[in-house]
Amino acid sequence: MSATPARPWQEAAAGTRVVVRRRLVPAPPDGPHLTDVLGVVLRVDDDGLTLDTSRGPARIAGADVVLWKPIPPPPERRARRH
């Protein structure tokens, strides 16, 4: 049986579409302490991940990653009806 890596987010491959749940640092006093980031992995290194999101590149520190998982590509848009 293999052990779970200390930093499982490092398994994310460049080009994979993922959702990452991360801690908000500093957390807002009256708001959520976690948020989700959806995007395509651009880079993974010892310090974290860089995702290409709809708002541009987002850097996520590895220490802030709570969980991550690959997700399928977005559905294709339907043609407009006339």
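The values are calculated or read from the model by the stated rules, or taken from the named source; none is laboratory data. What you see is a predicted model; the values in this text were computed from it and never measured. As a convention, Cβ positions derive from the backbone with ideal geometry for all residues, glycine included, and neighbour counts pool all protein chains shown. Protein only, heavy atoms only, side chains kept; ligands, DNA and RNA dropped before computing areas. Shrake-Rupley method; radii C 1.70, N 1.55, O 1.52, S 1.80 Å.
Odds and ends about this structure:
- Among ALA13, ALA63, ALA27, the largest mean-square fluctuation in a Gaussian network model of the chain (Cα springs under 10 Å) belongs to ALA27.
- In the elastic network of the chain, a GNM with C-alpha springs shorter than 10 Å, the most mobile of PRO26, PRO57, PRO72 is PRO26.
- With viscosity 1.306 mPa s and temperature 10 °C, the Kirkwood radius over alpha carbon pairs of the chain converts through Stokes-Einstein to a diffusion coefficient of 113 µm²/s.
- Highest-MSF residue in the chain out of ASP52, ASP30, ASP64 [GNM, Cα springs under 10 Å]: ASP30
- For GLY48, the amide hydrogen comes within under 5 Å of the amide hydrogens of GLY62, counting only partners 5 or more places away or on other chains and with H modelled in the peptide plane.
- Charge sum, other residues only, whose C-beta stays under 11 Å from THR35's C-beta, Lys/Arg counted +1 and Asp/Glu -1: +1
- Taking amide hydrogens as placed 1.01 Å from N in the peptide plane, the amide H of THR16 sits under 5 Å from those of VAL41, each at least 5 positions away in sequence or on another chain.
- For region 11-21, 3J(HN,Hα) computed residue by residue from phi via the Karplus equation (6.51, -1.76, 1.60; θ = phi - 60°) reads 6, 5, 8, 4, x, 8, 7, 9, 10, 10, 8 Hz, glycine and proline entered as x.
- Percent accessible area from carbon and sulfur atoms, the chain, protein chains only, probe 1.4 Å: 53 percent
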